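The values are calculated or read from the model by the stated rules, or taken from the named source; none is laboratory data. Keep in mind it's a predicted model, so treat the numbers as computed, not measured. Note: ideal-geometry Cβ built from the backbone for every residue, glycine included; neighbour counts use all protein chains shown. Each accessible area value is taken on the protein alone, full model and side chains, heavy atoms only, with ligands, DNA and RNA left out. Shrake-Rupley method; radii C 1.70, N 1.55, O 1.52, S 1.80 Å.
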Amino acid sequence: MEQELATLAATVAELQAKAAATGSIFSETFYYLTIPLMVLIHVGFLAYEMGASRSKNALASGIKNILAFAMIVPFFYYVGWWIYWAFPTGLSGAMGVMEISGFAYANEIASPTSPYMGPNLGDQASGVFWGAFVLFAATTASILSGAVIERIQLTGFIALAVVLGAFIWILAAAWGWHADGWLVTKLGYHDFGASGVVHMIAGFFALGVLINLGPRIGKFNADGSANQIAGHSMPMTLIGLMLIIAGFWGFLMGCVIVPGEAWSWSGKIETSIYGTPMTMSGMTFNVLMAFAGGIIGAWMTTRDPFWMMSGALGGIISAAAGIDLWWPPLAFVIGFIGASMMPFVASFIERMKIDDAVGAFTVHGFLGLWGVLAVGIVGSGYPALFGAADVIEISFMGQLGGAAVMALLGFVPGYAVSFVLKAMGMLRVPESAELLGLDLTKVPSSAYPESIHPSVSPAE
């Protein structure tokens, strides 16, 4: 009898070990797959921005995207990941109530000299988590990239992209996207899909840069009226936008905490980054409904194919902050409302003599704001953090406060750093280079044979 019990116990232990190993491999694979999916976002931005540029600037627009991505990776390795774990409670670097933050914790798990920051057979998660966050950082920088096409210096843009992706964005994530984040624990801030933490930060940062960068030559007339400067390939732009949306599924996957691991909130169900329960099923309903609402809303207000596809992205951004909370018809309405507002916001920005080449502030900054506030309007009273009782709840004032922080944290550094670069002569290309085209003067190369896109004049 004792022998049988010992055999049974050994069998149970073996099965438990196999189950644990299988679960860990699943978790590792889940986050690993978010990375190539998010790379599609950058494929999309590449096509989107090159198509939205005139043919004389197509390659220059693409090169700055690729180089910014490459530059952010090492900066995020050495600095960005450490910031996320060091500063959730504020700039003091104190440890939070969850005991997964502060200087000491960051030094242990996120310092470049830590065993967690390299090949380690005892750690299956750190590298893939870091990789997913690198892609979040690169996405934030790519949002800036589209706004400033056709007139920004490559060196100045890379400096701005690194500041945004490896420093500013990750500080926002530490405050509003971490269970110890002070916006979460003090205000009940809820931003599951990063409407504020990624999109507002990038959109408002871009707005600060655009004020100092100035409009493209020929954008505005002496009387203040604006001219449309069309890109050379609307099909490429539309395909790029659809690829961004495809990559968005990986982005949202990376916001999910899978069950059953030592770092999971639950052993049975997926949760948000705040530990609140959710399911992939619910997220799927809401992403597709917001996507559809955004397309329809933009199409009904503009009949313009560019805004229609921007509306698809805008609909998802509008619903992203509460994508773990919405009833699907509500996600549709929130996406519809957000996308319907886009053309009017873009017109207002243009009347302010700001040349946002692809509507980056409108789609990301303004609709990110709308997404954060929508959670406060509709989601007030829901728990903002995991807990059985006495947990802080979502509120409109908490969301409004969080949105104000995101707007300032994006705009002020964007304006300040670009102002310094402008004073140093590192922000904008010379007028002669802009007129001739950046591909010819800065790359130098040509995106197309001359017979396909013949130059009409230097100012084409």
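Just one of 246, 202 is under 15 Å from the mean Cα position of the chain (by Cα), within 21 Å of residue 167 (Cα to Cα), part of a helix (DSSP H, G or I) and among the small types (Gly, Ala, Ser); which is it?
Every option except 202 fails the conditions.
Could you check how many residues of the range 387-399 are surrounded by 20 or more Cβ atoms within 10 Å (Cβ to Cβ) and not in a helix (DSSP H, G or I)?
Start the filter on the range 387-399 by keeping residues that are surrounded by 20 or more Cβ atoms within 10 Å (Cβ to Cβ), which leaves 394-395, 398-399.
In the following step, the residues that additionally are not in a helix (DSSP H, G or I) were identified as 394-395.
Within the range 387-399, residues that are surrounded by 20 or more Cβ atoms within 10 Å (Cβ to Cβ) and not in a helix (DSSP H, G or I) number 2.
How about the range 404-418: which of its residues are crowded, with 21+ Cβ neighbours inside 10 Å and among the β-branched types (Val, Ile, Thr)?
Passing the criteria: only 417.
Evaluate the range 296-313: report whether one residue or more is closer than 26 Å to residue 383 by Cβ and either open to solvent by less than 30 Å² (accessible area, probe 1.4 Å) or of a type outside the set (Phe, Trp, Tyr) (or both).
no
Out of (1) open to solvent by less than 30 Å² (accessible area, probe 1.4 Å); (2) assigned to a helix (DSSP H, G or I), the odd one out for residue 291 is which?
So residue 291 meets the others, but not (1).
When the residues of the range 161-198 are narrowed to those that are among the hydroxyl-bearing types (Ser, Thr, Tyr) and in a helix (DSSP H, G or I), which ends up surrounded by the fewest Cβ atoms within 10 Å (Cβ to Cβ)?
The qualifying residue surrounded by the fewest Cβ atoms within 10 Å (Cβ to Cβ) is 185.
Give the residues of the range 249-288 that are out of contact with any strand residue (DSSP E or B) (no Cβ under 9 Å at 6 or more places or on another chain), of a type in the set (A, V, I, L, M, F, W, C) and not in a loop (DSSP other than H, G, I, E, B), sorted by residue number.
249, 251, 252, 253, 280, 283, 285, 287, 288
With the structure loaded, tell me whether residue 109 is among the β-branched types (Val, Ile, Thr), touching a residue at least 24 places away in the same chain (Cβ under 8 Å), open to solvent by 10 Å² or more (accessible area, probe 1.4 Å) and within 21 Å of residue 88 (Cα to Cα) or whether it fails that test. Before the answer, list the steps.
Details: among the β-branched types (Val, Ile, Thr): yes; touching a residue at least 24 places away in the same chain (Cβ under 8 Å): yes; open to solvent by 10 Å² or more (accessible area, probe 1.4 Å): yes; within 21 Å of residue 88 (Cα to Cα): yes.
So residue 109 fits the description; yes.
Within the range 423-438, can you find the residues that are in contact (Cβ under 8 Å) with a residue 12 or more places away in the chain, surrounded by fewer than 21 Cβ atoms within 10 Å (Cβ to Cβ) and not in a helix (DSSP H, G or I)?
426, 428, 429
So, in the range 354-379, how many residues would count as being modelled with pLDDT under 95 and not hydrophobic (A, V, I, L, M, F, W, C)?
Qualifying residue count, the range 354-379: 2.
Only one residue in 352, 342, 283 is free of Cβ contacts under 8 Å to residues at least 60 places away in the same chain, of a type outside the set (Val, Ile, Thr) and open to solvent by 50 Å² or more (accessible area, probe 1.4 Å). Which one?
Details: 342 fails: open to solvent by 50 Å² or more (accessible area, probe 1.4 Å); 283 fails: open to solvent by 50 Å² or more (accessible area, probe 1.4 Å).
That would be 352, the only listed residue that is free of Cβ contacts under 8 Å to residues at least 60 places away in the same chain, of a type outside the set (Val, Ile, Thr) and open to solvent by 50 Å² or more (accessible area, probe 1.4 Å).
Among the listed residues 113, 89, 139, which satisfies the condition of being modelled with pLDDT under 95 and within 30 Å of residue 208 (Cα to Cα)?
Working: 113 fails: within 30 Å of residue 208 (Cα to Cα); 89 fails: modelled with pLDDT under 95.
Among 113, 89, 139, only 139 is modelled with pLDDT under 95 and within 30 Å of residue 208 (Cα to Cα).
Which condition from (1) within 22 Å of residue 394 (Cβ to Cβ); (2) open to solvent by 20 Å² or more (accessible area, probe 1.4 Å) is the one that residue 234 breaks?
(1)
So which residues in the range 2-47 are open to solvent by less than 90 Å² (accessible area, probe 1.4 Å), of a type in the set (A, V, I, L, M) and modelled with pLDDT under 75, if there are any at all?
Those that are open to solvent by less than 90 Å² (accessible area, probe 1.4 Å), of a type in the set (A, V, I, L, M) and modelled with pLDDT under 75: 6, 9, 10, 12, 13, 17, 19, 20, 21.
Let's see how each residue does on (1) part of a loop (DSSP other than H, G, I, E, B); (2) modelled with pLDDT under 95; (3) within 22 Å of residue 140 (Cα to Cα):
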{"position": "401", "(1), (2), (3)": "no, no, yes"}
{"position": "406", "(1), (2), (3)": "no, no, yes"}
{"position": "410", "(1), (2), (3)": "no, no, yes"}
{"position": "413", "(1), (2), (3)": "no, no, yes"}
{"position": "416", "(1), (2), (3)": "no, no, yes"}
{"position": "421", "(1), (2), (3)": "no, no, yes"}
{"position": "441", "(1), (2), (3)": "no, yes, no"}
{"position": "444", "(1), (2), (3)": "yes, yes, no"}
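Which of the residues that make up the range 365-386 are open to solvent by 40 Å² or more (accessible area, probe 1.4 Å) and in contact (Cβ under 8 Å) with a residue 40 or more places away in the chain?
366, 369, 370, 378, 382, 383, 386
Kindly evaluate residue 211 against the criterion of being open to solvent by 10 Å² or more (accessible area, probe 1.4 Å), farther than 29 Å from residue 323 by Cβ and either at pLDDT 95 or above or assigned to a helix (DSSP H, G or I) (or both).
Yes.
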